[in-house]
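To keep things clear, I will list the structure first and then write my remarks on it.
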Amino acid sequence: MIKTDYLIVGSGLYGSVLAERIANVLKKKVTIIEKRNHIGGNCYSEIDKKTGIEYHKYGTHIFHTSNETVWNYLSKFCELNSYRHQVLSKYKNKIYQLPINLETINSFFNKNFNPKEAHTFLERKTKKFKKKEYNNFEEKALSQIGKELYEAFIKGYTKKQWDKDPSKLPSTIFNRLPLRFNYNEDYFNNCKYQGIPEKGYTEIFKKLLNNKNITIHTNKKFYLNNNYKVKYSTIYTGPLDKLFNYKFGKLEWRSLRFKKEVFKTDDHQGTSVINFPEKKYQYTRIHEPRHLHDNRNYSKAKTLTIKEYPDSNFKEPYYPINTNLNRDMHRKYKTLVKNKKNFEIGGRLADYAYYDMDMTISAALKKFDLLKKIN
């Protein structure tokens, strides 16, 4: 039997930040149950044995935030390098800038617009798609960038990513895609802090959880009927449908799978991420992780690339599909949580939300403030 002050299910950012705060501030004992064989959740990074290059096992993660509270907290556990995220997209054997900016517009339409001219040009392209309210992703996208750019860079990629026609997806998903009328290529330009942890993500989690009050059990699954003796609270960070044995049905998730390849060169594609929106490619992106740490002395004899394939494996959930049906189902599961004494939920999976890393950390810190008042 596990006896502890706090039981945390999941060692991703949400669970690990809470564990660190509870152990160091409240001086209480924390037990973490993790179903995988490692800590860190989807932020986990490791060294590729064939090349010696550190990569993010579950897809490239770039930390970015303007939240001072989050940064003041995280900076105690890491330093960021100088990496600035640039995304490129390959369409009809030509490379374009993403997010769509002045360079993308001029290159795609073979123009030489200044910012004002480009804006006027797109206004004419999008005028017929403008509405007071947008019912789905496709309507919102067409109203912002027009048919040509949408069909080249967004439509096919979105279909592959979500396995749904964009007309069946919420319009809010498009809000994550910036549109610029200058030559700024920094994807997260609006964020004050941006980069990759100098020593990798896994090192952050090792520091967060390095406390005698924290005990970690990997390769261990959590069930509601397990006989745990928890003094204060159980904090669950996994999917709610699985927790309650799919009582109301299965929430829809998109998952990912990855295929690693090694090339005998020092640089295969020249950047960390390239999108492949066309239908003829089954994958959506190719990552080359050596570019995330340009200051490291990696071997020039080999480089690692990772193809990213969208998948429907609900056992490894990544992205919630926020349709009305799924949101209603999630609310039903949340009502079951309210009936459980001293049981808390949080994080991307439990909240069925598309959180960035800084949002997850912020949510964990706010949850800790509530726990501190209660206990």
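Observations
- Of all residues making up region 42-53, the number that are free of Cβ contacts under 8 Å to residues at least 40 places away in the same chain and not hydrophobic (A, V, I, L, M, F, W, C): 1
- Any hit, region 328-343, residues being assigned to a helix (DSSP H, G or I) and hydroxyl-bearing (Ser, Thr, Tyr): yes
- Verdict on ASP351 being under 20 Å from the mean Cα position of the chain (by Cα) and closer than 30 Å to ASP267 by Cβ: no
- The set of residues from region 283-310 being out of contact with any Asp or Glu (no Cβ under 9 Å at 6 or more places or on another chain) and at pLDDT below 95 comprises ASP294, ASN297.
- Across region 335-370, the qualifying residues are those that are of a type in the set (Phe, Trp, Tyr) and touching a residue at least 24 places away in the same chain (Cβ under 8 Å), and the one among them that is surrounded by the fewest Cβ atoms within 10 Å (Cβ to Cβ) is TYR354.
- Within region 98-139, the set of residues being in contact with a Gly (Cβ under 7 Å, 6 or more places away or on another chain) and hydroxyl-bearing (Ser, Thr, Tyr) comprises just one member, THR126.
- Of the helices (runs of 4 or more DSSP H) that lie entirely inside region 13-113, those containing 1 or more residues that are under 24 Å from the mean Cα position of the chain (by Cα) and crowded, with 18+ Cβ neighbours inside 10 Å span 13-21, 68-74.
- The residue list GLY15, GLY59, GLY41 contains one member that is more than 19 Å from LYS199 (Cα to Cα) and either among the small types (Gly, Ala, Ser) or not assigned by TED's automatic domain parsing to the domain that holds GLU261 (or both), which is GLY15.
- Test: LYS332 is outside the structural domain of LYS49 (by TED's automatic domain parsing) and buried (at least 17 other Cβ atoms within 10 Å of the Cβ): no
- Flag for TYR309 being in a loop (DSSP other than H, G, I, E, B), at negative phi and not assigned by TED's automatic domain parsing to the domain that holds LYS28: no
- Scanning region 89-127 for residues that are of a type in the set (A, V, I, L, M) and within 15 Å of PRO178 (Cβ to Cβ) gives LEU98, ILE100, LEU102, ILE105, ALA118, LEU122.
- Screening TYR223 on (1) hydroxyl-bearing (Ser, Thr, Tyr); (2) in contact with a strand residue (DSSP E or B) (Cβ under 6 Å, 6 or more places away or on another chain); (3) free of Cβ contacts under 8 Å to residues at least 12 places away in the same chain shows it passes everything except condition (2).
- Residue that is nearest to GLU261 (Cα to Cα) [pool: residues in region 296-306 that are in a strand (DSSP E or B) and of a type outside the set (A, V, I, L, M)]: THR305
- Tally, over region 293-329, of residues that are surrounded by 12 or more Cβ atoms within 10 Å (Cβ to Cβ), touching a Phe, Trp or Tyr at 6+ places or on another chain (Cβ under 9 Å) and under 23 Å from TYR354 (Cα atoms): 18
The values are calculated or read from the model by the stated rules, or taken from the named source; none is laboratory data. All values derive from a computational prediction rather than experimental measurement. With ideal geometry, Cβ positions are generated from the backbone for all residues, glycine too; neighbour counts draw on all protein chains shown.
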